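These notes are about the structure you will find just below.
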Amino acid sequence: MAAREVYWHLPGFCYFRLLNQVLINMMKDYPDRFREGYRIGSVYGTFPGAIWNGGRVSFGLTCKRDMENILKIYNSRGIPVRFTWTNSLLEEKHLYDTYCNLIMRLADNGLNQALVNTPVLEEYIRREYPGYPLISSTTKRITDLQSLREELERDYYLVVLDYDLNHDEGVLEAIAPWAGRVEVLVNEVCYPGCTMRAEHYRQQSQLQLEYDIHTGFPCPNQSKPRTFAECMERPAFITNEQIGDYIDRGFCNFKIAGRGMPSDYVEESYLYFLVKDEHRAFIKEKIDGLLAQFKAAQQGLVQKKNI
């Protein structure tokens, strides 16, 4: 495997904030226990309640001060926050949403990024917030080589490869000249070739716009528990041994899926991909211990407020 820096893009900058923060600290404190040359390239997701969000619905609200604090956690370490602005049903009327524009202004420092998949929002961001590097989202479902080539020829910072193409040798060879600008999704839980995936993204976009917390999606994938062990059996999964081959071919950006998943799944993904095999038990013990301390401290604060 070639000696070069490899960038990992982690899920849930808000929802998995504590887990991500602990992981980042572990990578700094115990660098010899993590795989050589691995860096955190970004942490993606959304502040809850943002209607531009897509891919996975996220309800709620984050106040301005909390937004600033969360952005600082990552940005002070040189790690970009990447917003999942991939709602596929956006129209011009949605561009002027006060909450989403507040987020964009607060994070507009030249470091943070945005995932996009609709021309109307992409054009708006390019015009109003030109300091944001834009990433073409996997939610576009670009699965043919010609369309993928055209996407890579545009001025995106990165293009996220559709996971159905992860092991397509013809595609990987054809896009080798752009390998440094391709982001590879390594642990997607969805079924390969899922015919309902695009419709699922559309439905999630609608739920986000309508703040609909009750409507489900008839997905056969939900009939089975989603575990990391089961994900490893999927055809699109990329093993650590295979990642070495991707790196040798020039691919250096890898995305870990996890939005909408249990924290245990995300932690297992981090341990598998980022930590050296012989040190996983040690890092897991450290992470779990620190998370338990954080939770105990939070519970203590809540109890004091209720006294």
Honestly region 1-42 on the Cα gyration tensor test (a ≥ b ≥ c root eigenvalues; a/c under 1.5 rounded, otherwise a/b vs b/c for prolate or oblate) is just oblate
In order over region 55-66: 3J(HN,Hα) from phi, Karplus 6.51/-1.76/1.60, θ = phi - 60°, whole Hz, x for each Gly or Pro, gives x, 9, 6, 9, 9, x, 7, 10, 6, 4, 4, 5
Within the set Ala229, Ala176, Ala297, GNM on the chain using Cα springs under 10 Å gives the largest fluctuation to Ala297
Taking a ≥ b ≥ c as the square roots of the eigenvalues of the Cα gyration tensor, with a/c under 1.5 meaning rounded and otherwise prolate when a/b exceeds b/c and oblate if not, region 165-290 is oblate
So, for the Cα atoms of region 148-207, Rg and Dmax in Å stand at 13.2, 39
So for region 1-139, using the alpha carbon gyration tensor with a ≥ b ≥ c as root eigenvalues (a/c under 1.5 gives rounded; past that, a/b versus b/c decides prolate or oblate), I'd call it prolate
Regression test value, accessible area per residue of region 175-217, probe 1.4 Å, units Å², expected 44
Here, Arg105 and Glu68, labelled 7 Å along Cα→Cβ, have an inter-label distance in nm of 1.3
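May I ask you to rank Arg197, Arg35, Arg154, Arg249 by accessible area, largest first, using a 1.4 Å probe over the protein chains only? The partial results should precede the final answer.
Details: Arg197 10, Arg35 55, Arg154 110, Arg249 80 Å².
Ranked list, largest accessible area first: Arg154, Arg249, Arg35, Arg197.
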Across 5 Å bins beginning at 0, the whole-percent shares of Cα-Cα pair distances in region 74-149 come to 3, 15, 25, 24, 17, 9, 6, 1
Expressed in µm² per second, the diffusion coefficient of region 78-221 from the Stokes-Einstein equation, with Rh the Kirkwood radius over alpha carbon pairs, at 25 °C and 0.890 mPa s, is 148
For region 9-16, in residue order, the Karplus 3J(HN,Hα) values (coefficients 6.51, -1.76, 1.60; θ = phi - 60°; whole Hz; Gly and Pro = x) are 10, 9, x, x, 4, 9, 5, 9
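Got a number for carbon plus sulfur as a percent of the chain's accessible area, 1.4 Å probe? Mind showing how you got there, number by number?
Details: 7370 of 14390 Å².
The value for the chain is 51 percent carbon and sulfur by accessible area.
Kindly rank 205-215, 40-50 from highest to lowest mean number of other beta carbons found within 10 Å of each residue. Walk me through the intermediate numbers first.
Numbers: 205-215: 14.4, 40-50: 23.2.
Averaged packing, sorted descending, gives the order 40-50, 205-215.
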Too long for a 25 Å Cα-Cα cut-off, among Lys28/Lys140; Lys64/Lys295; Lys140/Lys276, are Lys28/Lys140; Lys140/Lys276
Whole-Å distance linking the alpha carbon centroid of region 122-137 with that of region 3-36 is 26
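Pairwise over distinct Cα atoms, reciprocal of the mean inverse distance: report the Kirkwood radius of region 1-83 in Å, one decimal place.
13.8
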Bounding extents of the chain in its principal axis frame from Cα atoms, largest first in Å, are 64, 53, 42
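The values are calculated or read from the model by the stated rules, or taken from the named source; none is laboratory data. Note that this is a predicted model, so its numbers are computed, not measured. FYI the Cβ positions are ideal-geometry reconstructions off the backbone, even for glycines, and counts take in every protein chain you see. The area values use the complete protein model at the heavy-atom level, side chains included, leaving out ligands, DNA and RNA. Shrake-Rupley method; radii C 1.70, N 1.55, O 1.52, S 1.80 Å.
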